[in-house]
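Asks: Sharing a structure below in structure tokens format, with a few things to ask.
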Amino acid sequence: MLSYAVGGESTVGKTKLTPEEMSKKLDEALTHYEGQGQKALMSALQEAQEIYGYLPLPVQKRVAMTLNISVAEVYGVVSFYSFFSLKPKGEYVFNVCLGTACYVKGAQKILERIEDNLGIKAGDVTTDRKFSISACRCVGACGLAPVILVNDDVYGRLTPEEIPGIIAKYKEA
């Protein structure tokens with residue numbers, strides 16, 4: 001069985017795993033899907049992302065090899081579905097809604113304030129992997145525009161001035 005170690009640490013549950021432990025855990029998870037092809041792809045990718053926190057190319061290659069499908073097929077699925085990530089995400093993900101209602105009510109200024117406060121741009125993660133920022137098209141809370149999600153916490157009717165306080169809450173956690 002081939003192993004792929006990707007740099008960094010992951011947290012599965014609340015336990016930190018080394019690259020070697022993640023690789024071993026991936027090998028164990030993928031044994032359930034050997035040779036099953038496309039029908040097992042979503043499940044295999046979900047398990048892999050739970051282990052690594054994202055789906056780097058070496059992990060995608062391992063999934064493709066296990067399922068006996070091409071890396072292009074794996075990448076196509078990973079890049080199509082928004083719940084799969086090609087980049088590591090922070091412990092706290094600031095997801096800014098840029099849908100029409102939120103955008104019209106100032107979501108771009110909210111996003112810029114988050115970027116300024118965290119010192120990263122949308123799509124990036126802080127060096128300590130505590131925070132990352134992403135933008136989405138709609139979270140379905142248009143009546144609360146502008147809206148951000150921090151993991152499962154929803155913040156609505158925001159102003160840029162409120163952002164430092166929200167960030168501080170998660171820095172203290």
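Asks: From the list V78, V74, exactly one residue is closer than 27 Å to D152 by Cβ and not charged (D, E, K, R). Which is it?
Replies: On inspection, the qualifying residue turns out to be V78.
Asks: Answer yes if at least one residue in the stretch 50-59 is of a type in the set (S, T, Y) and within 13 Å of the chain's Cα centre (by Cα), and no otherwise. Show your work before the answer.
Replies: Filtering the stretch 50-59 down to residues of a type in the set (S, T, Y) leaves 52, 54.
Checking which are within 13 Å of the chain's Cα centre (by Cα) leaves us with 52, 54.
Scanning the stretch 50-59 turns up at least one residue that is of a type in the set (S, T, Y) and within 13 Å of the chain's Cα centre (by Cα).
Asks: For R129, state whether it is in contact (Cβ under 8 Å) with a residue 60 or more places away in the chain, within 17 Å of S85 (Cβ to Cβ) and in the same structural domain as K105 (by TED's automatic domain parsing).
Replies: yes
Asks: Any idea which of (1) surrounded by 15 or more Cβ atoms within 10 Å (Cβ to Cβ); (2) in the same structural domain as L26 (by TED's automatic domain parsing); (3) more than 17 Å from the chain's Cα centre (by Cα); (4) in a helix (DSSP H, G or I) is the one R113 doesn't satisfy?
Replies: So R113 meets the others, but not (2).
Asks: Going by the structure shown, is S134 farther than 24 Å from A168 by Cα, touching a residue at least 24 places away in the same chain (Cβ under 8 Å) and touching a strand residue (DSSP E or B) at 6+ places or on another chain (Cβ under 8 Å)?
Replies: So S134 fails the test.
The values are calculated or read from the model by the stated rules, or taken from the named source; none is laboratory data. Given the structure is predicted, the values throughout are model-derived calculations rather than measurements. Backbone-built Cβ (ideal geometry, glycine too); neighbour counts: all protein chains shown.
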